[in-house]
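Peer 1: Okay, handing you the structure first.
The values are calculated or read from the model by the stated rules, or taken from the named source; none is laboratory data. Keep in mind it's a predicted model, so treat the numbers as computed, not measured. Cβ placement follows ideal geometry from the backbone for every residue including glycine, while neighbour counts extend to all protein chains displayed. Please note that ligands, DNA and RNA were not included when accessible areas were found on the heavy atoms of the full protein model with its side chains. Shrake-Rupley method; radii C 1.70, N 1.55, O 1.52, S 1.80 Å.
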Amino acid sequence: MSERLAFNLSGFGRTLRGPVDWVKAPESGTLPDAAAPYLPPVESPNWGFWGVFAFTALLFFRPQDTVPALAALHLPDLVAIGALAAMIAYRVGRRLPLVRLSPETIGVGCMAFVMLATVPFSVWPGGALGTFTDVYFKVVLIFLLMVNSVRSVKALRALSWLILWAMGYVAARGVIDFATGTNLVKGERLHGSISG
């Protein structure tokens, strides 16, 4: 049962209001010692989040463009598959639904259904299906991975900082390339130092 209670902090001159979850007393009828330190519940490592973090880093920093030997490993794809496996294992292990249903996930699923349903009516059905499987389906998988793995404000903040640093890196590389005249198309337009 969850109720809203008001607590008066004497000496501070204010009242705090917030939800309080009542905990059932142990069977013996004794309550835990109030002076005992509070220990937060231990949560298993969120490997799905770390997979999203590593995938995002590999996608934006693109080390395979700088070190050509890494291109054959397809590191972002491998990390994404590992992160999806970790997310599925986490959710199945806790008897949760495979994906969290929200208006956003339902909307993304409906859009995927519309795309597949209209493939036969396309001017180029093979190209439409190829775009769905090569682009949209991968985006949907990463979206589901992020929605189900980024479970706290701290995790969202860390991912946001990673994206900010990665965009700064890409922009700095572009400015340096333009200033030095490298990676330009027809000598005037910036191509970019990374291919993705």
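Peer 1: Would you pull out the residues with amide H under 5 Å of Leu184's amide H, same chain only if 5 or more places away, H placed 1.01 Å from N?
Peer 2: Close amide H contacts, sequence-distant or interchain: His191.
Peer 1: Rank these residues by their accessible area, most exposed first, probe 1.4 Å: Val123, Val92.
Peer 2: Val123, Val92
Peer 1: At most 11 other Cβ atoms within 10 Å and a DSSP loop assignment: could you name the trypsin sites (Lys or Arg not before Pro) in the stretch 67-130 that fit? All intermediate terms of the calculation are to be shown ahead of the outcome.
Peer 2: Details: sites: Arg91, Arg94, Arg95, Arg100; in loops: Arg94, Arg95, Arg100.
For trypsin sites (Lys or Arg not before Pro) across the stretch 67-130 that sit outside H, G, I, E and B with at most 11 neighbouring Cβ atoms in 10 Å, the list reads Arg94, Arg95.
Peer 1: How large is the accessible surface per residue of the stretch 41-196, computed with a 1.4 Å probe and reported in Å² as a whole number? The partial results should precede the final answer.
Peer 2: Values: 10390 Å² over 156 residues.
Averaged over the residues of the stretch 41-196, the accessible area is 67 Å².
Peer 1: Right, another one. On the full set of protein chains, 1.4 Å probe, figure out the accessible area of Glu188 and give it in Å² to the nearest 10.
Peer 2: Surface open to solvent at Glu188 totals about 140 Å².
Peer 1: Same structure again: Return the carbon/sulfur percentage of the accessible area of the stretch 46-185, one whole number, probe 1.4 Å, all protein chains in place.
Peer 2: Values: 6900 of 8930 Å².
Of all accessible area on the stretch 46-185, carbon and sulfur atoms account for 77 percent.
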